[in-house]
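All remarks here apply to the structure that follows.
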Amino acid sequence: MLFDWPTAEQMMYRVMRLRRLVALAVVIPVVVMLGVALVDPAVLTPQHATIASLAVAALVVGHVMLFPNVTLETISLSLSVTALVLVMPWIKAVAHWAPAEHVSAALVILVALAVAAMGVLMALLQLALNALAYAGPALRIRLTTRQTLPCSASVARRQCALQPQTRRGRVLAGTADDDGFFDVAVASANVADPENPTQPLVVKVDAKVLSSTDDQHDVMIVLPNGSVTVTSQRFAQLNEGCQIEILDMPGDFTLGMHAMFWLTDQQADNLTEMTDVIFGQSDRANGLAHAVSLLSVAGTLLSPRQPVANRAD
């Protein structure tokens, strides 16, 4: 999928929605750099540590604004930039080994090599974090989110409840069979189909409505790998509108996946995607944004490829 520049509204939404990820990716380098400054000011002075911390914070915020769907890359970027800052004093020291007239040139070369090494470290950290996120047994932990909407409970239920023969944005539900199961196709707008890169990836699952009333809607979802997820939606009418509460019990989430789900506030993002349709707002949800990463952009710039048609010729 091609990179799309975000609007001002989307940038503000991404920072707000990914606030936990931003906080984690900023706190780690700040604690490390300020800790080094306190323990050994000769390596990193408090003034330089403060400036570097502010720079890392700005870099992290800018990254989530432009690349909202690469959680592990944001953390990897934070860690690798921290490592780069910490080795800068040694880089300067090594540069002074060169003759005095060549110190500046040596420093430039060493910094360029360090930045390239940072990119490699960033990619390796991302691979390691990805392996950790999906490793381990599945944990059945209940996930809950609540949101108040300025609409009636009936409107919210009609838009948000998954039912047969309905379409909600990129979610299409088929007809229920004799056992109550129906097909659900979900188009992953930010992931391309490997067999057809020009089309979004479509994930198909089976679903069944367990119970449905005016106040609550419970659905069982059977994933392609056979695991079962149960989702319960509760609707309460308020004076100022409607409160919707969503409770999910995923059947295949590891501890790392739960952590990523929490860091990205994924439940609230899914709810935002559905409710924006009710109020006719422009697309803000990260689930509808591109999945382009900083590393993929860098790879494209450093190693551009001709279109497939041209290569075939």
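Couple of notes before you dig in:
- The modelled label-to-label distance between A116 and M16, using points 7 Å beyond Cα along the C-beta direction, is 4.4 nm.
- Exposure of R168 as accessible area (Å², to 10), given a probe of 1.4 Å and all protein chains: 40 Å²
- Area of E9 that stays accessible when all protein chains are in place (1.4 Å probe, Å², to 10): 80 Å²
- Cα-based helix-to-principal-axis angle, 19-39 vs the chain, degrees rounded to 10: 30 degrees
- FRET efficiency for D206 and V31, using Cβ-Cβ distance with R0 set to 45 Å, rounded to 0.05: 0.45
- Gyration tensor over alpha-carbon atoms, region 92-155, equivalent ellipsoid semi-axes in Å: 52, 20, 8
- Residue among M12, Q233, A114 farthest towards the positive dipole end of the chain, charges placed on Cβ: A114
- Probe 1.4 Å - accessible area at R284, Å² to nearest ten: 50 Å²
- Stokes-Einstein diffusion coefficient of region 144-277, Kirkwood radius over Cα pairs, 25 °C, 0.890 mPa s, in µm²/s: 155 µm²/s
- Rolling a 1.4 Å probe over the heavy atoms of the protein chains gives the chain an accessible area of 56 Å² per residue.
- Heavy-atom surface analysis with a 1.4 Å probe gives region 168-286 a carbon and sulfur content of 54 percent of its accessible area.
- Within the accessible area of region 9-51, the carbon and sulfur atoms contribute 76%, probe 1.4 Å, all protein chains present.
- Rounded to whole Å, sorted largest first: equivalent-ellipsoid semi-axes of the chain, Cα gyration tensor: 44, 23, 18
- Selection from L149, A135, L54, by position along the positive dipole direction of the chain (Cβ): L54
The values are calculated or read from the model by the stated rules, or taken from the named source; none is laboratory data. Predicted model, so just to flag it, every value in this text is computed and none were measured. Because the Cβ atoms are built from the backbone with ideal geometry, glycine has one as well, and the counts that use them run over all protein chains shown. Surface areas here come from the heavy atoms of the whole protein model, side chains and all, with no ligands, DNA or RNA. Shrake-Rupley method; radii C 1.70, N 1.55, O 1.52, S 1.80 Å.
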